[in-house]
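Please treat every number below as a calculation from the coordinates, not as lab data. What you are looking at is a predicted structure, and each value in this text was computed from that prediction instead of being measured. Note that each Cβ is placed from the backbone with ideal geometry, even for glycine, and that neighbours are counted across all protein chains shown.
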Amino acid sequence: MTAMEVIGSPVEMSAWSDRVRASGKRICLVPTMGFFHEGHLALMRKAGEIGDKVVVSLFVNPMQFGAHEDLDRYPRAFARDCELAGQHNVSVMFAPSPDAVYPKGFQTRVEVEGLTGTLCGRSRPGHFAGVTTVVVKLFHMVKPHSAVFGEKDFQQLAVIKRMTIDLNLEVEIVSHPIVREKDGLAMSSRNSYLNAEERRRALCLHQALQLARGRVAAGERNASLLCVEVQQYIAGCAGAEIDYVAIVDSETLVSCDEITDQSLLALAVKIGRTRLIDNTHLLVS
Ligand code: PAF
């Protein structure tokens, strides 16, 4: 295995990618905001199966954080992240500075409409425009053939897929299933905000998903009844505050009346100050 390179300059990154492309090799990108956990490492392994060269980008993107969100306290561990990526067959860790990504005078936004008007888009106005803008920029800087995104951020995945089609971006979008802790909590860098009590309380998200899957397995097909049941379950959990509970079509993200194999249950719940998200397909055919 050759040593991983750390690149900060977008110009150098593009030059590296031009060389790799000229040699006929395929580049797979894993876009991240760092503070790696097993979920990120699974994306890197997947990228290694798809591409000849794996690039991991690490950029805590200010544009996708709202004014009162956690940009300043977002967890960071650059040295540890480089070590972990280096152990996962990553060729380049691309870690540009905010000034390199958004130089003086920057004034462009890439925004997907429709899909961003619901779920997390409703509670985090401007968030997805920040995501799509930076992802397009990363695609131009890294020039990957494919990119891997986790399914925990299901809406993000749907929005990025839409954008790639709408803007004719020649990047294959590959998704990876949610990676969970042993007790079911979906892995997230934000889990590091939880104290021991909150960590226990956070299990209510996965439990609510399990409850819903159980009801559907037993024959429930009425989405609004099921939503109410899930809401009541979470409302009964100490220290949990619902942002949304929704059953939507997994492609259009429009609410469904009847549960089909396209239906996705998506949750956003605040545990203390920490907002967590999770989701599951309800009917696996
Ligand atoms: O999912 C994330 O970590 C971020 O939203 C992404 C895709 C790296 C864009 O900043």
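Per-structure values
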| item | result |
| --- | --- |
| Sorted largest first, extent of the stretch 109-150 alpha carbons per principal axis (Å) | 31, 22, 14 |
| Gyration tensor verdict on the stretch 138-285 (Cα atoms; rounded if a/c is under 1.5, prolate if a/b is larger than b/c, oblate otherwise) | oblate |
| Rounded Å value of the spacing that divides the Cα centres of the stretch 1-50 and the stretch 108-175 | 18 |
| Proximal lysine pairs, the stretch 34-164, alpha carbons under 21 Å, eight or more residues apart or interchain | 9 |
| Cα Rg, Dmax (largest Cα-Cα span) when computed across the chain, Å | 19.3, 58 |
| Degrees, to the nearest 10: 154-166 long Cα axis against longest axis of the chain | 50 |
| Angle between the chain longest axis and helix 127-142 axis [Cα atoms, degrees, rounded to 10] | 30 |
| The stretch 180-264 - convex hull of the alpha-carbon atoms, volume per residue in Å³ | 110 |
| Computed FRET value (nearest 0.05) for A22 with K161, which takes r as the C-beta separation and R₀ as 30 Å | 0.60 |
| Folded to 0 to 90 degrees: helix 223-235 orientation relative to the chain principal axis, Cα | 90 |
| Potential lengthening between L225 and R213 on full extension [0.36 nm per residue; Cα-Cα distance subtracted] | 3.0 nm |
| Spacing of the two label points (7 Å from each Cα toward its C-beta) at A79 and T2, in nm | 2.7 |
| Distance between modelled label sites at R180 and A196, nm, 7 Å Cα→Cβ extension | 2.5 |
| Unpaired by the 4.7 Å Cβ criterion, cysteines found in the chain | C28, C82, C120, C227, C256 |
